[in-house]
Number of protein chains: 2
Amino acid sequence: MSDDCLFCKITAGKMDTEFVYEDSDLVAFKDINPMAPVHILIVPKKHIPTINDLKKTDTVLVGEMIQIAKRIAKEQNIADEGYRLVFNCGKMGGQEVDHLHLHLLGGRQMKWPAG
Amino acid sequence: MSDDCLFCKITAGKMDTEFVYEDSDLVAFKDINPMAPVHILIVPKKHIPTINDLKKTDTVLVGEMIQIAKRIAKEQNIADEGYRLVFNCGKMGGQEVDHLHLHLLGGRQMKWPAG
């Protein structure tokens, strides 16, 4: 855990955030600046700053982030119509919090390109 | 392998596609309609139509897709400046080929929202 990291505080339950999902490794919660009717972040409890910082031993963890996004899409009733999953990495990728997170976006037609 | 799937043909090497990466499970190649200076698709050889079709046993495979995207970003010299990774799932997610693929987009400032 990084002391000055917002997502470390959130995943540790220190911000009274309402989780739509939680297990021993991951949490999911609504984005506070939603860009679609469904906009949920899937976030590991472990402090990994960016995709660039993934270690070989993180392969299952990052795979689980995708699996949980799939599960939440189904729970949110957007699985059949479709949705988009996005990792932003670094400044030109548009990453705003330096703690790995996956955006689940849906409930409207997603446009192309993806930004 | 699905007989009428374009990405099955590509990953099997039947389309003379130039791969920027290949291993026993995955290939990567340039998108034919690039939306950024770097626009590469990471594609499993196994025919999985969408994120919705992932099985529990695919967790490592999908994690590897992210790890390989990270590696290619470094090889393309866009790791430090940043990049975006995108899975489109289904019609409203903007998925155009029904064979799982991850978009690696970089070489320019990615905008928000991601479509």
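FYI, it's all coordinate maths here, none of it is from the lab. On a predicted model such as this, the values are computed, not experimentally measured, just so you know. Heads up, the Cβs are rebuilt from the backbone with ideal geometry, glycines too, and the neighbour counts pull from every protein chain shown.
Loop sites only, by DSSP: take the GluC sites (Glu not before Pro) in chain B that have at most 14 other C-beta atoms within 10 Å and name the longest stretch containing none of them.
Segment B:19-95 is the longest.
Check the straight Cα-Cα distances from A:Lys55 and name the lysines below 16 Å, setting aside those fewer than 8 residues away within the same chain.
A:Lys45, A:Lys46, B:Lys70, B:Lys74
At 0.36 nm per residue, and after removing the present C-alpha to C-alpha distance, how many nm does the segment from A:Lys46 to A:Cys5 gain when stretched out fully?
Separation in residues times 0.36 nm, less the Cα-Cα distance, equals 13.6 nm.
Testing the spin-label approximation: label points 7 Å from Cα along Cα→Cβ at B:Asp98 and A:Lys74. State their distance in nm.
Each label point is offset 7 Å from its Cα along the Cβ direction, giving 1.9 nm.
Test of understanding: ordering B:Thr17, B:Thr57 by Cβ neighbours within 10 Å, fewest first, what list do you get?
B:Thr57, B:Thr17
Kindly express, to the nearest 10 degrees and within the range 0 to 90, the angle between helix B:59-75's C-alpha long axis and the longest C-alpha principal axis of chain B.
Approximately 40 degrees, to the nearest 10.
Can you list the cysteines of the protein assembly as shown that have no other Cys Cβ under 4.7 Å away?
Those would be A:Cys89, B:Cys89, since no other cysteine Cβ in the protein assembly as shown comes under 4.7 Å of theirs.
Compute the distance in nm between two label points, each set 7 Å from the Cα along the Cα-to-Cβ direction, one at A:Tyr21 and one at B:Lys14.
3.4 nm
Which of the trypsin sites (Lys or Arg not before Pro) found in the range B:1-110 are loop residues per DSSP with 13 or fewer other Cβ atoms within 10 Å of their Cβ?
B:Lys14, B:Lys55
If you place +1 on the Cβ of every Lys and Arg and -1 on the Cβ of every Asp and Glu, how big does the dipole about the Cα centre of chain A come out, in debye to the nearest 20?
The dipole of chain A has a size of about 320 debye.
For chain A, count all C-alpha to C-alpha pairs, find those more than 18 Å apart, and express that count as a whole percent of the total.
49 percent
How many angstrom separate the Cα center of the range A:8-26 from the Cα center of the range A:65-80?
So the two Cα centres are separated by 18 Å.
Over the protein assembly as shown, what per residue volume does the convex hull of the Cα atoms give, in whole Å³?
115 Å³
With unit charges on the beta carbons (Lys and Arg positive, Asp and Glu negative) and the dipole taken about the Cα centre of the protein assembly as shown, which residue among B:Leu41, B:Gly107, A:Ile40 sits farthest to the positive side?
The listed residue farthest towards the positive side: B:Gly107.
Report, in deg cm²/dmol and to the nearest 500, the calculated mean residue ellipticity at 222 nm for chain A, where each DSSP H run with n ≥ 4 adds -39500 (n - 2.57) and the sum is divided by the residue count.
-6500 deg cm²/dmol
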